[in-house]
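*Asks:* Take this structure, written in structure tokens, and hold onto it; I'll ask about it next.
Bear in mind that the values in this text are calculations on the coordinates, not laboratory data. Not measured: the values here are computed from a predicted model. Because the Cβ atoms are built from the backbone with ideal geometry, glycine has one as well, and the counts that use them run over all protein chains shown.
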Amino acid sequence: MKAELVEWTKAILLLSILCFFGPIEIKELAFGVPISLQSLIILTIPFLVQKKFGLLIIIIYILLGCIGLPVFADYSFGWSKLIGPTAGFIFAFPIAAYLLGYIDEFHLSQKSRRFSGLFLRITFLIILGHLILLLIGMPVLSYFHGSEIILPIIRDLIPGLLIKSLLGGFFVSVFKVVLPNYFGKTGVNEMVK
């Protein structure tokens with residue numbers, strides 16, 4: 001029972017962090033593609049909670065933005081975000097988060113407790129998550145603006161995505177090393193009772 005309460009508490013805290021800090025826009029590229037903290041936070045969530053909670057957080061986040069809370073990049077909101085140029089990225093959020101949570105829980109289960117091993121593994125997975133976002137988001141964006149924009153936008157996005165992946169890998173690794181009872185392995189049976 002206590003483990004479930006811990007998971008719910010972490011989920012509410014992470015949803016709050018996503019809603020408050022995710023919209024912060026670092027830079028806007030051509031064609032309305034923002035570089036914000038959204039993907040950094042979304043792609044770290046699967047390593048801090050069980051995959052079902054991670055998926056729930058992302059779905060609630062999208063619904064909150066759709067009903068009018070300014071939680072999307074640059075504090076935007078509305079159903080129009082689900083049919084506009086960046087819709088593919090928004091639809092990719094839960095897919096990427098769930099896949100990373102699945103990989104973390106079932107295939108790469110805490111083989112390394114050392115910070116360096118965790119950091120490299122998690123950073124690699126966050127890069128993979130960014131690639132998933134690009135693979136789903138870019139076709140929708142090119143539908144609205146033409147295929148000639150794909151390479152210039154990807155070129156402009158890569159440095160930010162790499163920096164965000166390194167930051168995400170660092171923060172998650174620190175949480176898992178400093179607070180292993182709460183963030184070590186996110187399975188309920190392995191948490192402190």
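*Asks:* By count of other Cβ within 10 Å, fewest leading, how are Tyr75, Tyr61 ordered? Working shown, then result.
*Replies:* Details: Tyr75 14, Tyr61 26.
Sorted ascending by nearby Cβ count, the order is Tyr75, Tyr61.
*Asks:* Then there is this: Highest GNM mean-square fluctuation, the chain, Cα pairs closer than 10 Å: which of Glu25, Glu148, Glu105?
*Replies:* Of Glu25, Glu148, Glu105, the most mobile in the Gaussian network model is Glu148.
*Asks:* For the pair Phe21 and Ile158, what calculated FRET efficiency results from E = 1/(1 + (r/R0)^6), where r is the Cβ-Cβ distance and R0 = 22 Å, to the nearest 0.05? Intermediate values should be presented prior to the final figure.
*Replies:* Numbers: r = 22 Å, r/R0 = 1.01.
So, using R0 = 22 Å, E works out to roughly 0.50.
*Asks:* Still on this structure: For a footprinting-style exposure proxy, rank Lys176, Lys81, Lys164, Lys2 by other Cβ within 10 Å, fewest first.
*Replies:* Values: Lys176 22, Lys81 18, Lys164 25, Lys2 10.
With the fewest neighbours first, Lys176, Lys81, Lys164, Lys2 line up as Lys2, Lys81, Lys176, Lys164.
*Asks:* Given a 10 angstrom Cα cut-off, can you work out which residue in Pro180, Pro23, Pro94 is the most mobile in a GNM of the chain?
*Replies:* Fluctuation is largest for Pro180.
*Asks:* Could you give the length gained by full extension between Leu5 and Phe115, i.e. 0.36 nm per residue of separation minus their alpha carbon distance, to one decimal place?
*Replies:* Values: separation 110, 0.36 × 110 = 39.60 nm, distance 2.71 nm.
Separation in residues times 0.36 nm, less the Cα-Cα distance, equals 36.9 nm.
*Asks:* Quick check of the Kirkwood formula: for the chain, what is the inverse mean of 1/r over all pairs of different Cα atoms, in Å? Intermediate results must be reported in sequence, preceding the final value.
*Replies:* Numbers: mean 1/r = 0.0593 Å⁻¹.
One over the average 1/r among Cα pairs gives 16.9 Å for the chain.
*Asks:* Taking amide hydrogens as modeled 1.01 Å from N in the peptide plane, which residues meet the under 5 Å criterion relative to Ser36, leaving out close sequence neighbours?
*Replies:* Ile26
*Asks:* With +1 assigned to the C-beta of every Lys and Arg and -1 to the C-beta of every Asp and Glu, and no other charges, what is the dipole magnitude of the chain about the Cα centre in debye, to the nearest 20?
*Replies:* Numbers: 15 positive and 10 negative charges, 148 e Å.
Dipole about the Cα centre, nearest 20: 720 debye.
*Asks:* Name the residue from Leu99, Ile24, Leu69 whose Cα lies farthest towards the positive end of the charge dipole of region 2-190, charges +1 on Cβ of Lys and Arg and -1 on Cβ of Asp and Glu.
*Replies:* Looking along the dipole axis, the top candidate is Leu99.
*Asks:* Given the options Met138, Ile126, Val178, identify the residue whose Cα lies farthest towards the positive end of the charge dipole of the chain (+1 on Cβ of Lys, Arg; -1 on Cβ of Asp, Glu).
*Replies:* Farthest along the dipole direction, towards plus: Val178.
*Asks:* Which residue fluctuates the most in the chain, going by a Gaussian network model with Cα springs under 10 Å, if the choices are Phe119, Phe106, Phe53?
*Replies:* Its mean-square fluctuation being the largest, the pick is Phe106.
*Asks:* So between Leu63 and Leu128, what do we pick up on full extension, going 0.36 nm a residue minus the alpha carbon distance?
*Replies:* Numbers: separation 65, 0.36 × 65 = 23.40 nm, distance 2.48 nm.
Result: 20.9 nm gained on full extension.
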